[in-house]
Amino acid sequence: MLIGYARVSTQDQSTALQIDALKAAGCSRVFVETASGAQRDRPELKAALDFMRDGASDMLVVWRLDRLARSLRQLIETVDALERRGIGFCSLTEAIDTTSPGGRLVFHIFGAMAEFERSIIRERTRAGLDAARARGRRGGRPPALSVRDLTVARALLRDPELTVEEAAQRLQIATSTLYRHLPGGRRALLEAEAIGKEEAAELT
């Protein structure tokens, strides 16, 4: 059974051309959606996928590849998911049919291209980080608290009149941020300082 999926991005656009092409191709049912191609949550696409039966020679048909996905990675993920269920995929404009040897070859090539693209991105990212380290820079987000801020934070936590929340408010940070920089909060700080004093006393 052939199941069609038509999509436009806005209400102003018409699906008539797509629907006519899908019906001419033999689709017994067409699911129509108005949504951005980059949008992951597409109810009509989900309904079309749920409607098709696993391993029953059903096929999802679109007018053009970009009606199904807006990126090569998204396209391959969707078609791979169909293939695992034993469902075929066909794009009319590009004349791609994954149930044919030629169609499967095209998607193997697409997959290789997507992996190549990911490898290039990873390689460029590593090269950029290496270059930054060579210049004395480190990747990632800058710390929320500087060394001076941590000194002030410790001083605030030593004050028994202040709660941890109040100390965080004075530093204009979230309580979770303060705990991230000073794990254990006031108790751990006071215990560490007490141990330090004991060790210092033993050395004198």
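Just so you know, all these numbers are worked out from the coordinates, no wet-lab data involved. This structure is a prediction, so every number in the text was calculated from the model and none was measured. Please note: Cβ atoms are built from the backbone with ideal geometry, for glycine as well, and neighbour counts cover all protein chains shown.
What to note about this one:
- Phi-based couplings in Hz for region 60-73 (Karplus 6.51, -1.76, 1.60; Gly and Pro marked x): 8, 10, 10, 6, 8, 4, 6, 6, 8, 8, 10, 9, 4, 5
- Pairwise FRET efficiency - Arg73 versus Asp130, Cβ, R0 = 25 Å, nearest 0.05: 0.45
- Between Arg53 and Ser100, the FRET efficiency estimated from the beta carbon spacing at R0 = 22 angstrom works out to 0.60.
- Cβ crowding within 10 Å averaged over residues, with 103-109, 73-79 ranked highest first: 73-79, 103-109
- Per-pair calculated FRET efficiency, R0 = 30 Å: Ser28 and Ile109 via Cβ, rounded to 0.05: 0.50
- Fraction in percent of alpha-carbon pairs per bin - 5 Å, region 61-135: 3, 15, 20, 22, 11, 7, 7, 6, 5, 3, 1
- Residue-averaged 222 nm ellipticity for the chain, from DSSP H runs of 4+ at -39500 (n - 2.57), nearest 500: -17500 deg cm²/dmol
- Cα gyration tensor category, rounded, prolate or oblate, for region 20-101 with a/c compared to 1.5: rounded
- Positive-end residue, the chain charge dipole about Cα centroid, Cβ charges, pick of Ser146, Thr34, Val62: Ser146
- Temperature 37 °C, viscosity 0.692 mPa s: under these conditions the Stokes-Einstein estimate for the chain, based on its Kirkwood radius over C-alpha pairs, is 147 µm² per second.
- Sorting 3-9, 53-59, 63-69 by their mean Cβ neighbour count within 10 Å, with the most densely packed peptide first, gives 3-9, 63-69, 53-59.
- Formal net charge of residues neighbouring Ala69 (Cβ-Cβ distance under 12 Å; K, R +1; D, E -1): +4
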